Structures are given as C-alpha cells and as structure tokens.
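J.: I'd like to ask you about the structure that follows.
The values are calculated or read from the model by the stated rules, or taken from the named source; none is laboratory data. Please read all numbers here as calculations on a predicted model, not as lab measurements. Cβ placement follows ideal geometry from the backbone for every residue including glycine, while neighbour counts extend to all protein chains displayed. Only protein heavy atoms, including side chains, enter the accessible area calculation; ligands, DNA and RNA are left aside. Shrake-Rupley method; radii C 1.70, N 1.55, O 1.52, S 1.80 Å.
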Amino acid sequence: MQITVVDISTFDRKYDTLVCVSIQQRPPNRPTDEQPRARFARETTRENPWPLRLLSENIKTYVDKMSPLWVEGQIVQLNERPATRMSFLTIRDVDAEVSMDVTAFGGVIAAAGGALKPGSRVVAHVKPSFWTKSGRLNLMAKEIHPVGIGDLLAQIELLRQKLAAEGLFNDEHKKPLPFLPRRIGLICGQNAKAKDDVIVNATARWPGAQFEIREVLVQGSGCVGDVTRALQELDTVPDVDVIIVARGGGAVEDLLPFSDEQMIRVAFATHTPVVSAIGHEGDAPLLDLVADFRASTPTDAARRVVPDLAQENEGLTTALTVLRQRVKQRLAREAENLELLTKRPVLTSPAASLTTHIQGLEQTLVTLRHRMTMRLADEQSNLTAATASLRAMSPQATLERGYSIIKAPGIGVLTDAASVKKGDVLEAVLARGSMIVTVFGTNPHKESESEPHD
C-alpha cells in the first residue's frame, strides 16, 4: 500500500509551500527505546517512519495555525439540515477543477436571504479545519455572501483590459472566414433553439451545408470546460473550416462563462476561424472580442458563414450577361480596327512598299554581274599565263624539243653512262611514244669536258 502525505517539516520551516512525499508500508523494523522516533518529516527513514496518526496530528497542528481568510467559488451542491442548524456545501473554483467541502453553522445560510443556490458564485469567510481520522480538509464558514452582478462585471472588465493589453483582441490576429466551408463546426446547447436557428438558416441559404455538432453545457459550472473541449476537438477535425459558438439570450449571469479567461485563450489559439454568436445584439461577452467574427445572433452567424445560393446564382447570371456584352463590344471594336488596318496603303497595295527595294536589288545585281565578269576575265588571263609557264617548264616540253628520257630496268632514269654496259636493253621515252634500244657501247664521262675547274 502507498499513501501520499504532506511533509509537515517543510511547513514548520517556511510556512509557504507544501512538499508531497510517499510513504510505503512499514517495514518489519520498528523504532525501539534505543531508536527514538523522528521529530521532523525530513528525519524519517524507511527504518524509522511516522505512523499515520502522527502525520495526521501534525497536519492538523499546521492547519489550525492558519488564519481565517476569504475565498471565492461557485456552489455546486447545497444540503441544509434545519434540525441540526447546520448546512453542508461543496464549492468549486470558477476557473479550475478544484472543489472543497464547506460547513456552515447557525444562520450563515439564512443571512444570505435565500440568494444561495447551486450555481451561485459566492465569497465566504472561512477557517480551514483538518479531520485527523478521515484525513479530510474542511472549511468552516462564518460568512457566505453571493457575488453581485456588478462585482462580476467589474472582474470581467479587468480581464478585458488585461487580455487587450496582451493583444488577444487585435485585428491582425483575426482569421478570414471561408467563402464556402466544407463543414461547419457548431457548439451549442442540447436541443437548443440556437442550434435550430443556425442549421435552418444556413441550409436555407446553402442547401448543401454540412455540420459537425457538439452539444454541450452553455451555462453553469460545466460550461467553460465543455465549450473549451469542444473548441479544441473541432479545431482538429480536418474538414471543419469554421466554428460557430452559439447560445440564445439569457440573464447576464448565464452568459458569464463566455467571458472566462480559459475559454478566451483557447478560442484565440485555434487555427480554425471562430464565430461568436452569444445572446442578443446588446450582449457582449469577451468571446465576442477574441472571435474572428462576432455575430449579433445565431441566425446572423448562419448568414455569415455560408453564401446565399439564390443570390450567388443571380450574381452568376448577371456576371454572364455583362461578360457577353463586353465580349460583343470587344469584338465590334476589334472588327472596326481591323477594317481601318485593311484600308491602309500598305495593305491595299502590298507591293508598293517593295518597289524601291526591288530596284535597288536589280541595280546591285547588275553591278555584281559586271564585277564578276571583270574578275573572271582577269583570272582567265592569269590562268593562261600560268599554264604557259607550266608547259614551258614541264618535261614534256623538253621532250618535244627533241630530247628523250632513257630508263634502265631496276635503275630507272639514267643520268650516267657508267650505269649500263654493252648489251643492256633500255627504254627511250620520246615526246610521243617510246622505244626499246640495245646498248652497243658507252662513252665514259669526262670531268674536264663538263665541269669547270677552279
């Protein structure tokens, strides 16, 4: 068994904080006369623990030292017992899931004049009391007073100023509403008229409107938690493009949950646009200020989140008519411009603008031909002269003057008579044709006859 308890030694030293520790089942070893029991919680060990009675007595000692104080909360349960002249209440924190039992003696409840009932917000002057046997903390009430509407409105005004200073109501944070949401998230009371107002008016404007509905408490102590959870849940649905928080009119105190700080901050943090449709035109909870759009009524919210199909069809018809007229006007204007273009000289006689260019081309062609003729004549003369020079220097020309070329097999053209001997067969190449000759003798080369001497 494991029990969570309060470390009283911390209270004795600091008086401003609670430190929770865990005590397990007592081990076999117990304190003996030689091992005195720990005086403070910080001195306890597994071998030397406190019994629960000692812990309970120490908690009571600390609680009894606390001074009476004023607390604020909301009554969630009230049980009067006239026979014992006692009343038992359970009050809950207005902003958190924290509740405590309260006991009132004598005429404390009667002094409120019948103004106390479940759901009422109260301030109470209480003295904390701790019951050692049950381990329960109880508040003994000496005075209980209902919180007036004026006080609540003053608190809301202070909260409004605080949130405005943080920028939660600034226009730059407002998200635009979609033209046609795929699905509309609707947070409303169970079987509430506001639900019917939104659905009927939205489907009348756009018959294909789809809804994701969350029916929650829209007043009382559970309203803030229900609406907050519904906002967070709908914000995670992929095809919900807008969320409407709708509630019909009511007393001022019935609309107070829609000015709760927790709800306002959750609405601000949503990624989906939020439409506030709380109460009537004159009602102005803080949710209206943080919402991306404030509708005066649930019916107005329905008209804002979906377009009017008939109006859109009428707009399309008008737009189509205007478009056709403008197309006709544009075609007529372009036809007129085309006619003006076809009457221009360049289009009536397209070749006129080319005459000058044609004449210039013809003159250029004549000049080009003349220059090509002269260049060809010059090149022909040069070619003739070059041909004559080439012929004059060619071996053929030498042969035509009576010379011949003598070739010997295996040697080729002979240049030295010593290369052959008597009886060799040679080829003699003439200017026209050749002949085969036989060597009958040779005359050796004489250097003195052909080469000069120094």
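J.: Which residues, taken from region 166-199, are outside any loop (DSSP other than H, G, I, E, B) and open to solvent by 90 Å² or more (accessible area, probe 1.4 Å)? Walk me through it before giving the result.
T.: First pass over region 166-199, keeping only residues outside any loop (DSSP other than H, G, I, E, B): 166, 171-173, 183-188, 193-199.
Scanning region 166-199 gives 166, 171, 172, 193.
J.: Another question, if that's okay. Just checking, how many residues over region 278-300 are touching a residue at least 24 places away in the same chain (Cβ under 8 Å), part of a helix (DSSP H, G or I) and open to solvent by 20 Å² or more (accessible area, probe 1.4 Å)?
T.: So the count comes out to 2.
J.: May I pose another question? Under 7 Å between Cβ atoms, which residue pairs at least 6 apart in sequence (or on different chains) link something in region 26-45 that is at pLDDT 80 or above and open to solvent by less than 70 Å² (accessible area, probe 1.4 Å) with a partner that is in a loop (DSSP other than H, G, I, E, B) and not aliphatic (A, V, I, L, M)?
T.: Taking only residues 6 or more apart or on different chains, the pairs are 38/44; 38/48; 38/50; 41/7; 44/50.
J.: Residues in region 384-396: is at least one under 30 Å from residue 424 (Cβ atoms), part of a helix (DSSP H, G or I) and of a type outside the set (A, V, I, L, M, F, W, C)? Can you show your working first?
T.: Kept after step one, since they are under 30 Å from residue 424 (Cβ atoms), are these residues of region 384-396: 394-396.
From the residues that got through so far, the ones that are part of a helix (DSSP H, G or I) too are 395-396.
Filter once more, keeping what is of a type outside the set (A, V, I, L, M, F, W, C): 395-396.
The answer is yes, given that some residue of region 384-396 is under 30 Å from residue 424 (Cβ atoms), part of a helix (DSSP H, G or I) and of a type outside the set (A, V, I, L, M, F, W, C).
J.: Restricting to region 301-312, what's the tally of residues that are open to solvent by less than 30 Å² (accessible area, probe 1.4 Å) and part of a helix (DSSP H, G or I)?
T.: The total comes to 3.
J.: Which residues, taken from region 86-128, are without any contact (Cβ under 8 Å) to a residue 40 or more places away in the chain, open to solvent by less than 50 Å² (accessible area, probe 1.4 Å) and of a type in the set (S, T, N, Q)?
T.: 87, 90, 103
J.: Residues to consider are 428, 418; find the one that is over 60 Å from the mean Cα position of the chain (by Cα), open to solvent by less than 70 Å² (accessible area, probe 1.4 Å) and under 24 Å from residue 445 (Cα atoms). Write out each step before concluding.
T.: Working: 418 fails: open to solvent by less than 70 Å² (accessible area, probe 1.4 Å).
Exactly one of 428, 418 is over 60 Å from the mean Cα position of the chain (by Cα), open to solvent by less than 70 Å² (accessible area, probe 1.4 Å) and under 24 Å from residue 445 (Cα atoms), namely 428.
J.: State yes or no: is residue 364 assigned to a helix (DSSP H, G or I) and farther than 30 Å from residue 445 by Cα?
T.: Numbers: assigned to a helix (DSSP H, G or I): yes; farther than 30 Å from residue 445 by Cα: yes.
Yes; evaluated as a whole, the condition is true for this residue.
J.: Of the residues 275, 327, 245, which is modelled with pLDDT of 95 or more, open to solvent by less than 80 Å² (accessible area, probe 1.4 Å) and in a helix (DSSP H, G or I)?
T.: Working: 275 fails: in a helix (DSSP H, G or I); 245 fails: in a helix (DSSP H, G or I).
Going through 275, 327, 245 in turn, the sole match is 327.
Residue by residue, here is whether (1) open to solvent by less than 50 Å² (accessible area, probe 1.4 Å); (2) without any contact (Cβ under 8 Å) to a residue 40 or more places away in the chain; (3) within 28 Å of residue 307 (Cβ to Cβ); (4) in contact with a helix residue (DSSP H, G or I) (Cβ under 9 Å, 6 or more places away or on another chain) holds:
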position: 201; (1), (2), (3), (4): yes, no, yes, yes
position: 215; (1), (2), (3), (4): no, yes, yes, yes
position: 225; (1), (2), (3), (4): yes, no, no, yes
position: 234; (1), (2), (3), (4): yes, no, yes, no
position: 261; (1), (2), (3), (4): no, no, no, yes
position: 270; (1), (2), (3), (4): yes, yes, yes, yes
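J.: Output the residues belonging to region 57-103 that are in a strand (DSSP E or B), modelled with pLDDT under 90 and of a type in the set (S, T, N, Q).
T.: Answer for region 57-103, where residues must be in a strand (DSSP E or B), modelled with pLDDT under 90 and of a type in the set (S, T, N, Q): 74, 77, 79, 87, 90, 99.
J.: Let me ask something else. Out of all the residues in region 173-182, which are more than 16 Å from residue 245 (Cβ to Cβ) and among the basic types (Lys, Arg)? Steps first, please.
T.: Our first condition is that a residue be more than 16 Å from residue 245 (Cβ to Cβ); within region 173-182, this holds for 173, 176, 178-180, 182.
The one that is more than 16 Å from residue 245 (Cβ to Cβ) and among the basic types (Lys, Arg): 182.
J.: Examine region 289-296 for a residue that is in contact with a strand residue (DSSP E or B) (Cβ under 8 Å, 6 or more places away or on another chain), more than 25 Å from residue 219 (Cα to Cα) and of a type outside the set (Phe, Trp, Tyr), and state whether such a residue exists.
T.: Within region 289-296, none of the residues are in contact with a strand residue (DSSP E or B) (Cβ under 8 Å, 6 or more places away or on another chain), more than 25 Å from residue 219 (Cα to Cα) and of a type outside the set (Phe, Trp, Tyr).
J.: Whether any residue in region 347-359 is at pLDDT 90 or above and open to solvent by 70 Å² or more (accessible area, probe 1.4 Å) is what I want to check.
T.: No, region 347-359 contains no residue that is at pLDDT 90 or above and open to solvent by 70 Å² or more (accessible area, probe 1.4 Å).
J.: So residue 229 clears everything in (1) open to solvent by 50 Å² or more (accessible area, probe 1.4 Å); (2) assigned to a loop (DSSP other than H, G, I, E, B) except one condition, right? Which one?
T.: In the conditions (1) open to solvent by 50 Å² or more (accessible area, probe 1.4 Å); (2) assigned to a loop (DSSP other than H, G, I, E, B), residue 229 misses (2) alone.
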